[in-house]
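The values are calculated or read from the model by the stated rules, or taken from the named source; none is laboratory data. On a predicted model such as this, the values are computed, not experimentally measured, just so you know. As a convention, Cβ positions derive from the backbone with ideal geometry for all residues, glycine included, and neighbour counts pool all protein chains shown.
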Amino acid sequence: KEKLDDFVRRIFSFLKKNTSQNEFRGAGIDCIITAAREVFAQNNHPLVETFIDELIAYGFEYPEIRGSTAEWQVKVNPEHVRTIRAWLEIIAMKPRWTKRLISALIVNLKIGGIFIRDTDLIQRDISRLLNTDIAPAYNLIKQLLRIFPVYFSEIGAEGELRDITTRVDEISFRNDRLIDFFRKQSHVESNSLMVEFTEHIFRYWFSGDKKFIRRHIPDEVFDRVNNSGEYFDGMHRAFMQLFPKANNDPRNFLEWDDGKIVREIQQIHDLSEVDRERVSLMIRIYQLIYKKYYPQYFDLLKDLEAVNVFAGPDILSLRQSLKTKNYYRSLTMILKFLAVLKTRVLSEKKTQSFENIYHKRHIAAGIPSMYGTYHEEPAFGEPRRHAV
């Protein structure tokens, strides 16, 4: 046993001392996964503890986001996602023995952030983890998976999101360089950073300060974005009035339904019909992007109805209890739903995923992308969204 412990330590010592670690970090990750498989195959808990100690000490790859390229791709540490996949695979080998590794992954993702593209399809790795015996580490797994902005089925900008991002660009004849870049990035490489990008566009339109959009666009686009003129003045005038009504926090736009958006925009004077439509479309885009990547509690009852997991009378009862402010009854129903979701997540039944994904290459930039859908049977991904 001591020889195996020493061997594990020597592996990590070699990886740390290797002068080519920074250049070939991917090879180091592959080596760690291979070693993990052999260590867990020994079914020796103390040996696994030694391995986890060394892995945590070895360190984690943070996203290190450095802006975007002119081809609409976010510049990010390529080993970030590979490291996440590796740690998830190791955790899945025996969740009851890897609780400290789960905690370490939570801490690393909280400290350094997380960046996952739609096209990374990290949902596959999460599904594999949840198909293992996670019951002994259920609460930790829940904390971990809350961090992942991946509980959606549409890869890239599809459906309404694609339609209105295209419309908001075309209404300016694709001459608004900021929105043209925003639209192209959402179509080519959609990711959760688009939420922050949209919020910063709103803050830029409100303040006129280009610092808000600096990290999201490349130099050649940034230099061509003007905080005055045809594509700025109307939006600035609009958000000077709308932002205070949202308490200067874009998140409050999430609560605005279509009627409120129309009413608030109608009250803005000296605004062209084109700019009125642009404002309305951008707020709706923000709502759709935010809902895609982050659990949020607006329209939650509609979401619960859509997944076909809960009994209709129970949802109706919850709706009525909330309407009459019967909070005790509402809490009782919510706890019942959570119990159903927990049972579903912990079920020994292996879930099957369904993919309808298409790959394409953008001729102008020569970069690959994909679009389509990913979901699990039957409506399993959306319940997980609410369960975590």
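Tabulated data
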{"item": "Per-region count, segment 219-262, residues over 27 Å from P295 (Cα atoms) and of a type outside the set (G, A, S)", "result": "18"}
{"item": "Filtered residues of segment 133-155 (kept if assigned to a loop (DSSP other than H, G, I, E, B) and either surrounded by 16 or more Cβ atoms within 10 Å (Cβ to Cβ) or within 15 Å of the chain's Cα centre (by Cα) (or both))", "result": "I134, R146, I147, F148, P149, V150, Y151, F152, S153"}
{"item": "Pick from segment 326-342, criterion of a type outside the set (A, V, I, L, M) and under 25 Å from the mean Cα position of the chain (by Cα), ranking: surrounded by the most Cβ atoms within 10 Å (Cβ to Cβ)", "result": "F337"}
{"item": "Any chance E23 is among the acidic types (D, E), modelled with pLDDT of 95 or more and within 32 Å of the chain's Cα centre (by Cα)", "result": "no"}
{"item": "Residues (within 18 Å of I171 (Cβ to Cβ) and either part of a helix (DSSP H, G or I) or of a type outside the set (F, W, Y) (or both)) located in segment 228-248", "result": "G229, E230, D233, G234, M235, H236, R237, A238, F239"}
{"item": "Unique residue being under 19 Å from Y204 (Cβ atoms) and surrounded by fewer than 19 Cβ atoms within 10 Å (Cβ to Cβ) when the list is P250, P244", "result": "P244"}
{"item": "Residue within segment 53-60 that is under 17 Å from W87 (Cα atoms) and either assigned to a loop (DSSP other than H, G, I, E, B) or in contact (Cβ under 8 Å) with a residue 60 or more places away in the chain (or both) present", "result": "yes"}
{"item": "All positions within segment 94-132 that are farther than 30 Å from K75 by Cβ and crowded, with 18+ Cβ neighbours inside 10 Å", "result": "P95, W97, T98, L130"}
{"item": "All positions within segment 174-221 that are charged (D, E, K, R), assigned to a helix (DSSP H, G or I) and over 19 Å from the mean Cα position of the chain (by Cα)", "result": "R177, D180, R203, K210, K211, R214, D219, E220"}
{"item": "Residue in segment 193-218 that is nearest to Y151 (Cα to Cα), counting only those that are surrounded by fewer than 21 Cβ atoms within 10 Å (Cβ to Cβ) and touching a strand residue (DSSP E or B) at 6+ places or on another chain (Cβ under 9 Å)", "result": "R215"}
{"item": "Selected residue (criterion: surrounded by the fewest Cβ atoms within 10 Å (Cβ to Cβ)) from residues of segment 287-302 that are at pLDDT 80 or above, within 18 Å of the chain's Cα centre (by Cα) and not polar (S, T, N, Q)", "result": "Y294"}
{"item": "Residue in segment 156-168 that is over 28 Å from E220 (Cβ atoms), polar (S, T, N, Q) and either under 21 Å from the mean Cα position of the chain (by Cα) or in a loop (DSSP other than H, G, I, E, B) (or both) present", "result": "no"}
{"item": "Failed condition for V225, given (1) in a helix (DSSP H, G or I); (2) farther than 30 Å from V345 by Cα; (3) β-branched (V, I, T)", "result": "(1)"}
{"item": "Output for segment 342-356, where each listed residue is of a type in the set (G, A, S) and within 18 Å of F310 (Cβ to Cβ)", "result": "S347"}
{"item": "Test: residue in segment 38-61 that is under 30 Å from P218 (Cα atoms), buried (at least 16 other Cβ atoms within 10 Å of the Cβ) and either out of contact with any Gly (no Cβ under 8 Å at 6 or more places or on another chain) or aromatic (F, W, Y) (or both)", "result": "yes"}
{"item": "Members of segment 88-120 found to be of a type in the set (G, A, S) and not in a helix (DSSP H, G or I), listed by number", "result": "G113"}
